[in-house]
Every structure is written in C-alpha cells, then in structure tokens.
Amino acid sequence: MSKRFSQLVMFLLLSSPVLSFMVGIGYVPSPATETNFSLSQDAEFIRGPTVNMVTNHSAMIFCKTNGPTDVTVRYGLDTDVTDEVHNATLDTEHRVDLTELAIDSKYYYQVVANGTESEIYHFLTAPPDGGHFKMVLLGDNRPGQDVAPQQPQNYKDILEMIVGEEPHIVVMSGDFVYHVYDNHETNLNVWRMFSEATDALGHYAPIYACIGNHDTGNGWMHDWYFLQAFEQYDNGSTYFSFDYAGVHFTIIDTEVEGEEGEIRGEQWDWLVNDLASTKQPMKFVFGHRPLYPLSHLGSSMDENKTHRNELQELFETHNVTLFGCGHDHLYNRMTVNNLIHVISGGAGAPLYSTLWGGAYNHYVSIDVMKDKLNMTSIDIEGSARDNYVYPYDGPIEIFLREIADGGQDRNGTIPLILFSEEPEQAYYSWNGEANSTTLSGLPSIAGENTLDVYAVGENGLWNHEEYTFTTILWPPPDSTTTTTTAPPINPILIFSIVGAVAVVVVVAVVFKYRSR
Ligand SMILES: [Fe+2]
C-alpha cells in the first residue's frame, strides 16, 4: 500500500506541470472523463468483456461501453448463466467482481449493458494449490513498420489457437505496439487496435503482462497506455506479484526510465523482498528482456553483466523455477543452474534469425503440476517444435551463449559456457589439446579453432559439445604496412556452430576492407 501511495505522490509531483499545461489548453489525457452521465440508449462494448485476476473462488469481469450505463454480469456453471451481479453505477468503465465461485471449474458469463447482451464467454477458476493448470506464454506480437499500426494477422491467428487450448492463465512478455508516439490521439488508436485484437483471448482467460520497450513513451506516456490496456494486480504499477494454485508469479519491469535493462532501486528492493517472503513452493518470474539474449546482445539484461549475474543469482537463491521473457523475436529455452529461461518473442513481430534457430511464430503452452512442468512451444501451424519436462533427468545440458569478442585486448576474453546444473566435473579443450578444468582465454591462432566441452551432472551422465570458432588475429599480420583513416574496426572474433556460412562471409568482407 505504501508503495502505491508513494507512486501516486510521485506521479502527481512529476505530472503536475504537464497536467496544468494540458488543462490550460483544454486537453485531458483520459479517454474516460465524461461527467454528464445519462443512461446510454444503445450500449456497445468497446472493450471486452474480459475476465481478469481469476483465483480459485473469484474473478473480475471488465468492460468498457460507448456511453455511461449500468451493467449486469450473468454467470454460472453452464450456458444458462442463471446467477447474476448487478452494478447500478452509470459509467463507461465497468469492473464487476464475481465471488464464491467453485474451485477448479469452468464458468460461463455474459455481460448485459442497458439491454445489450454480450456473447457468452467462459473461463476456468484456479485449481487448489499444487493442482494442474495450463499457462500460456507469448510475447512480441507488435507489428513491424510495414503493418503498424494494425496488429499482425499472425498474432490474431495465434490468439485464436490459444483460445482453443483453454488456458487457465496467460502471460504476455511485452512489446504490444510498434511505437508510443507523442500524439495522444494516435496512441489511443494504436492501443485500441491492440486491445480489440487481444480481447479475443481476454474474453476467456486472465492476461498478465510485462511492459516492453516498444510500449513506453515520453513523460507521462511512459507507461500510461500499457497500464490502461491491462487489468491486473497492483493496478498502477508495472511490477507486481500474485499467487496462483501454489505458484508465485512475479512480473518485473525491465523498462524503468533511465534504468532500461536493469532492475534497480525501489524495484530491486521490492523484488528481493517479494521472492524472499513468498511461501509458495514454485516461483515464476516474467519480464521483457532476457538475461541471456540470442539476438539483442548487449541491449538486454546482459548490458550490465555484473547486474545480470546478480539477478540470476537472486533467482537461484530463491529457487525460481522459470524466467519467461521476450524481446528477441524467436523461441528459445535453456536452463542455467536449474533456472529455466524461456524466450517467447514470436507472437507476430518480424522474426530474428540466429545461430540457435527458433525464428518461428509461436506460443508456449505450459502444463503446471505440483513440482512439475511440461512445456511445449507450438508454432503457428499447430506443430510442437520443442518440448521440455521439468524436473529434467537427462544428461547435463551445455549452452554457449555469449560470443567471445576479444576486442583489441584478447587476453581474458572467453566464451560464456553455461550448464543446466552445477556440473560435478567439467573439462574444456581448445583444438583437441589437453583438457583443462577451467576455460581460459582464446587460442592465439588465426583461423578455425575448436572448443570441446565435457560435463557431468549429478546423475552421472556425461555430455559433450564441440563449438567451432573462426578467429582473426589482432592486429592483422599486414597491419604494419597498412594505413587507414577509417574508424577503427573492432577485431572480429566470430564463433560459428559448424556450418555457419554467414561467418565466412563476414570474415571475407572484413579482410577485404582491411586490405584496401
Ligand atoms: Fe523489446
């Protein structure tokens, strides 16, 4: 409560000059500021109805109408929807709480606004703690420049597929619109298109959302549209947490102004306390930017690697099971010291091609059971592209994530090798030479080098991965006879997993450039 109060004070202090100016020119940045209420004669639903913040015994039904009206929510365990709650307040925004619902049940509901009936939708109440529920993760639905401000058709198709899965809850990892402009009316239109599309799923399941970098604007617009677009816990904050069926869900904001890609200050303190104080047996954390990006290297949570490592360590300390994110427009899953990282950024935005693959439109369907997960990425054709069961009992997984960039000082720069669990033993070998228990600097040999990694987990199963690196010495051998006034080019040290033709092309281009 104190956090919300301090946020309100900060908002009033920071926004008062802007608001004063807007009032001065007769402009108020709220789409719902009508004061002369009278009963709307032809009520239309311009948002929703959507189901929000569902627990095992309650739900909140939200909708907006084109004019002020009262609303009645009819609901029940079948399509007769014989129970009802009436909200007599004349308004354009309506929030109606349904209480005393049956646990782990399918409810149907319909909203009636001054005689206008919505369709009958349905949702699932939460199971008891430890019970089975289905969660869906998706993200980065935003349109590309060629489509904006329209939402991508792929996104609409994926939403339809998700509705068919009948998930209990949905988490969206951010980047919902192409851009937040400086023009309020334009933004209202852009976000209206997003909400209209997204309500197709919001009718049927509560959506919890992380703010993405594309969802932020200047000044008061920083998170205003995002907060308007979703009905979730701790309304008014872009980071919050809640419990659901024995799982603690924590949503973090990686886009705090001036702290993008980091969790600092008040949010960090809140996050530490949030993870330390929950008694739920499983913990999931969601944010927009990945800790170990595949494409947005250096502009995700890895921008400050020390801080990224602190965050990973915090999650490990508090036994977080899953970190879900987006930002990279692809699907990827990896496990670092028993923390599963899932990047789901393929819900409609232009896809990113990387050496690790995963560039396909998709969503992730996750069956959550007591101490167990079964997660599947499903592409837009409906095919399962990756499946992972937690707890994992196969050989220890080995991941290469950061491309070693020697820079002009190659000493001490090494690739980042990660393991799905703390290895009992691990060995590294450059170019087939003697094994080492530590991964030291890169070999000073131009051309192709190989790195072999061997590791064994606590189940005694060994794993082996071999990576191929193409290195260029710095300075190049002919540098003493070459002069150039061009900006310095960082020495290129590009690794490639065998067969990465693109690397060869880049190296050829750089050599050609250097020799001019
Ligand atoms: Fe992003």
Where labels lie 7 Å past Cα in the beta-carbon direction, separation of His132 and Ala200 in nm: 2.9 nm
Filtered GluC sites (Glu not before Pro), region 85-117: DSSP coil and at most 14 other beta carbons within 10 Å: Glu100
Residue by residue through region 423-433, the couplings from Karplus 6.51 cos²θ - 1.76 cosθ + 1.60 with θ = phi - 60°, in Hz, x for Gly and Pro, are x, 5, 9, 8, 10, 10, 9, 8, 6, x, 7
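Once you sort the root eigenvalues of the Cα gyration tensor of region 206-265 as a ≥ b ≥ c, which label holds: rounded (a/c under 1.5), prolate (a/b larger than b/c) or oblate (the other case)? Write out the running numbers ahead of the final one.
Details: a/c = 2.51, a/b = 1.49, b/c = 1.68.
Cα axes put region 206-265 in the oblate bin.
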Rounded, prolate or oblate (a/c below 1.5 giving rounded, otherwise prolate when a/b exceeds b/c) for region 141-255 by Cα gyration tensor: oblate
Each residue of region 73-84 in order: what ³J(HN,Hα) in whole Hz does its phi give by Karplus 6.51 cos²θ - 1.76 cosθ + 1.60, θ = phi - 60°, with x for Gly and Pro? 9, 9, 8, x, 7, 9, 6, 6, 6, 7, 7, 7
Taking the full set of protein chains and a 1.4 angstrom probe, give the accessible area of Leu355 in square angstrom, rounded to the nearest 10. 80 Å²
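So which of Lys156/Lys372; Lys106/Lys156; Lys134/Lys370 end up more than 21 Å apart, counting from Cα to Cα?
Values: Lys156/Lys372 30 Å; Lys106/Lys156 24 Å; Lys134/Lys370 12 Å.
In this structure, Lys156/Lys372; Lys106/Lys156 lie more than 21 Å apart at Cα.
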Could you give each residue of region 124-139 its phi-based ³J(HN,Hα) in whole Hz, using Karplus coefficients 6.51, -1.76, 1.60 with θ = phi - 60°, and x for Gly or Pro? 10, 6, 5, x, x, 3, x, x, 6, 9, 10, 10, 10, 10, 8, x
Amide H neighbours of Asp223 at under 5 Å, excluding residues fewer than 5 places away on the same chain, with H built from the backbone geometry, are Gly217
Cα to Cα, under 14 Å, and not fewer than 8 places away if on the same chain: which aspartates and glutamates meet these conditions relative to Lys283? Asp129, Asp243, Asp274, Glu316, Asp371
Compute the Cα gyration tensor for region 296-347, then decide on rounded, prolate or oblate, letting a ≥ b ≥ c be the square roots of its eigenvalues: rounded whenever a/c is under 1.5, prolate when a/b is larger than b/c in the other cases, and oblate in all that remain. oblate
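Probe radius 1.4 Å, ligands and nucleic acids left out: which of Lys370, Lys156 has the largest accessible area, and how do the rest follow?
Numbers: Lys370 140, Lys156 80 Å².
Greatest to least solvent exposure: Lys370, Lys156.
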Residues whose modelled amide H sits under 5 Å from the amide H of Glu402, counting only those 5 or more places away in sequence or on another chain, are Leu416
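Between Lys305 and Ser105, what is 0.36 nm times their sequence separation minus the Cα-Cα distance? Round to one decimal in nm. Present the calculation step by step, with values, prior to reporting the outcome.
On the way: separation 200, 0.36 × 200 = 72.00 nm, distance 4.47 nm.
Stretched fully, the Lys305-Ser105 segment lengthens by 67.5 nm.
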For Ala148, project a label point 7 Å along Cα to C-beta. Then give me every residue of region 203-240 with its amide nitrogen under 11 Å of that point. 214-216
Using 0.36 nm times the number of residues separating Ser58 and Leu355, minus their current alpha carbon distance, what extension gain do you get? 102.4 nm
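Per Stokes-Einstein, at 25 °C and 0.890 mPa s, what whole-number D in µm² s⁻¹ belongs to region 133-390, with the Kirkwood radius over Cα pairs as the hydrodynamic radius?
For the chosen part, D equals 136 µm²/s.
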Provide the gained length on full extension for the span Thr79 to Asn374, in nm with one decimal, where the gain is 0.36 nm per separating residue minus the Cα-Cα distance. 103.1 nm
Scaled radius of gyration (Cα, divided by 2.2 N^0.38 Å) that region 61-163 gives: 1.33
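Taking N as the number of residues in region 83-128, what is its Cα Rg relative to 2.2 N^0.38 Å? Intermediate results must be reported in sequence, preceding the final value.
Values: Rg = 12.3 Å, N = 46, 2.2 N^0.38 = 9.4 Å.
Expressed relative to 2.2 N^0.38 Å, the Cα Rg reads 1.31.
The values are calculated or read from the model by the stated rules, or taken from the named source; none is laboratory data. What you are looking at is a predicted structure, and each value in this text was computed from that prediction instead of being measured. In this analysis, Cβ positions are derived from the backbone assuming ideal geometry, glycine residues included, and neighbour counts consider all displayed protein chains. Quick note on the areas: whole protein, heavy atoms, side chains included, nothing else; ligands and nucleic acids left out. Shrake-Rupley method; radii C 1.70, N 1.55, O 1.52, S 1.80 Å.
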